[in-house]
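The values are calculated or read from the model by the stated rules, or taken from the named source; none is laboratory data. Given the structure is predicted, the values throughout are model-derived calculations rather than measurements. Cβ atoms come from the backbone with ideal geometry, glycine included; neighbour counts cover every protein chain shown. We work out accessible area using only protein heavy atoms, side chains counted, and drop any ligands, DNA or RNA first. Shrake-Rupley method; radii C 1.70, N 1.55, O 1.52, S 1.80 Å.
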Amino acid sequence: MSIKTKFILIFSLITFVPIFLLAFFVVNKVQYHLINQIKEALTLEAELTENNIFSYLEQRKIRAADWTTDGHIRRELEILTDLSTEEKSADKARSRALELGRYILKEKQSIDPDIEATDIIDVSGTVMVSSNPERIGHTEPDTVELDQEYEFTQAINAEFGQAFVSRIIIEEEIGHATEPMLHVSTPVFSPDGFEKLGILVIHVRLKELSDVLSGKKQIELEAKSGFKGRGQTLEIYLVNRDKLMVTPSRFIDDAVLKQKVDTEAVRLCHEKSEKMTGSYINYLGHMVYGASVCPADQFWMLLVEVDEDDILGHLYALRVQIIAVAVLSALTAVLFGLLFGLTMNRRISAKLETLKKIRFGDLAARTIDPADDEIGALGKGINSMAKNLEKSMDQIKEVEMQNTLLIESSPDCIKLLDPKGKLLHLSKGGFKEHGFKSEKEVRGWDYLATIEKKHLSAIKAALKDALKGKITSLEVKHAKGKNIKGASNRVWCEMTFSPAKDTHNNVKNVLVVSRDISDKKQIQEKRHELDLLKTKFISVVSHQMRTPLNAIRWNLEAILGREMGNIAKGQEEVLRLSYDAVKEIINRISDLTTALEIEESRLRLEKEKTSLQELLGSVCRDVLPWCERKKIRHSISLSAKPL
């Protein structure tokens, strides 16, 4: 017999519950928490989608900047620039421009089906090279239109590697599809890096961005979430500063740059730059719950919305069912609660004790409960989890030992740099790490290109500190890519910058020692995941045990309060002992939950003055009933002077 059946049979004989009032309270409470959870979920979805959009745009910018590092493109563009000044070389210049356009189409643009075209525009606004030959020679009428379409002025004034994303527009130009697109612009420099030859512009369709918003992209990447789990009415879309939808609507065809979205969330974002989470009427005139994100200095804002009926429809049906059951049902009870409560207390206390041992590191602790019900299954689950935790900890220790041995035995990559940061010498460990076979391959190598850009400013600062005589250590992540010369075979390295001094104690060069810390990073992440798993497991189990205990306590309170009728003095004594035992177990669960909150830094400790008389009096009041029942004489004498 399951524990659920036992509860129904025994507690239906113990108490008369005002089902109708309880149902009303529960439904309203559920509705309140459901709405709050929906708001939190929408806010989380909006923030995650915002990160995906930024990641998508950043990938586009990185791709554009990466193309400008192509030596062939830079050399050919330099030749075209020189030929453009010679009238007799016009045919030759066009031939080379067409050839370069074909190269870009085949070697670069072909890897991304969302790219409509790729142009290289000179500083005057004329298309010099394009993957679409029809666009060669096309000139925009003025700088204003160039800025609107390509962020031209910013790109002209940008440094090497900087890229800019324009707002989503529809261009009606020769050789350009009449569909909404965004454009990524970045400057192209001459091979020597001194002359700015033009601006590379990538024309990008919105399919992949739309897939990111709809969840299709996550499904393609084998994520467990995506558009299949988004219900009937959940919609995620972008709105520009003109209050126009700039990504496809889930419910209206051809909505991009045509559908006006003038909702409360949009107005709040545009007028006060504030995000919103709550209910409002959407662009279809439906009442929805939504969350908005208003990133600064962007052409877009993000909205995540779901219809109110889609959220609360099932709750309304549940309310009707509960009220119907409450009107037709009224169960009473008188017997057998005590024995059942004591039995449950004993079994649950044993599991609490086992959980406490596991909580404090005794992973060999086990609970014994042969019963074939939910609490018995819970005990088996505790044993299984403890066994898995013990096994996982052993595996982690073994991995730690292996990784430590690997790190200690692996040769380090040692670089000698001049004061400008150029490579003078690379050790054999560095040759092995970066895949070089000869000194000729290393000559002119830019080692910074193998490191992710977010670490470059810290590396430059460490280089300056080393030239001042300071020793600095940094943890950096290596960049990956087929076009990166000398790409590291490591993921993470700890780079130590030390001054290299001459015999006069003057800093002449900088010595950089790179140590592989990829395995250490992985171990830290896995240990953190296990700690979270253990804490979450204990928290969930404690919560699940508190619910039946509270039910037992409420039932005992009803009997002791004589709501079911008078009880004998001997019965009252036994019931009182059971009631106190239940309260003690509940307090233990609360203490365990408090310990978890302290460990997770969710409980804030505030110091304040308190009266010792009040504290002692509170403790004494708790034990007085026990003293009276045991017929123990007692007296309390407190000082009149405040302590």
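What do you reckon, is Leu456 touching a Gly at 6+ places or on another chain (Cβ under 7 Å) and under 25 Å from Ala65 (Cβ atoms)?
Details: touching a Gly at 6+ places or on another chain (Cβ under 7 Å): no; under 25 Å from Ala65 (Cβ atoms): yes.
No.
If Asp82 satisfies all but one of (1) open to solvent by 30 Å² or more (accessible area, probe 1.4 Å); (2) over 15 Å from Ser190 (Cα atoms), what's the number of the condition it fails?
(2)
Whether any residue in region 165-184 is surrounded by 19 or more Cβ atoms within 10 Å (Cβ to Cβ) and over 23 Å from Lys207 (Cβ atoms) is what I want to check.
The answer is no, given that none of the residues of region 165-184 is surrounded by 19 or more Cβ atoms within 10 Å (Cβ to Cβ) and over 23 Å from Lys207 (Cβ atoms).
Looking at Ala317, Ala326, Ala330, can you tell me which residue is outside any helix (DSSP H, G or I) and at pLDDT below 75? Working first, answer last.
Working: Ala317 fails: outside any helix (DSSP H, G or I); Ala326 fails: outside any helix (DSSP H, G or I).
When all the criteria are applied, what remains is Ala330.
Residues in region 600-623 that are of a type outside the set (Val, Ile, Thr) and at pLDDT below 70: how many? Please lay out each step first, then the result.
Just the residues of region 600-623 that are of a type outside the set (Val, Ile, Thr), to begin with: 600-609, 611-618, 620-622.
Within this subset, residues satisfying the condition of being at pLDDT below 70 are 600-605, 618, 621-622.
The total comes to 9.
Considering only region 262-317, how many residues are more than 22 Å from Glu40 (Cβ to Cβ) and under 22 Å from the mean Cα position of the chain (by Cα)?
3
Please go through region 294-306 and pick out each residue that is in contact with a Ser or Thr (Cβ under 8 Å, 6 or more places away or on another chain), open to solvent by 10 Å² or more (accessible area, probe 1.4 Å) and not aromatic (Phe, Trp, Tyr).
Cys294, Ala296, Val306
Take the residues in region 210-241 that are assigned to a loop (DSSP other than H, G, I, E, B) and at pLDDT 85 or above; name whichever of them is most open to solvent (accessible area, probe 1.4 Å). Step through it out loud before you land on a result.
In the first step, residues of region 210-241 are kept if they are assigned to a loop (DSSP other than H, G, I, E, B); the result is 215, 221-226, 230-234, 241.
Now narrow it down to the ones that are at pLDDT 85 or above: 234, 241.
Numbers: Leu234: 31, Arg241: 115 Å².
Among residues in region 210-241 that are assigned to a loop (DSSP other than H, G, I, E, B) and at pLDDT 85 or above, the one most open to solvent (accessible area, probe 1.4 Å) is Arg241.
Across region 242-287, which residue is farthest from Leu48 (Cα to Cα) among those that are in contact with a helix residue (DSSP H, G or I) (Cβ under 6 Å, 6 or more places away or on another chain) and outside any loop (DSSP other than H, G, I, E, B)?
Quick first cut of region 242-287, residues in contact with a helix residue (DSSP H, G or I) (Cβ under 6 Å, 6 or more places away or on another chain) only: 243, 247-248, 274, 276-277, 280, 287.
Checking which are outside any loop (DSSP other than H, G, I, E, B) leaves us with 277, 280, 287.
On the way: Thr277: 15, Tyr280: 22, Met287: 24 Å.
The residue in question is Met287.
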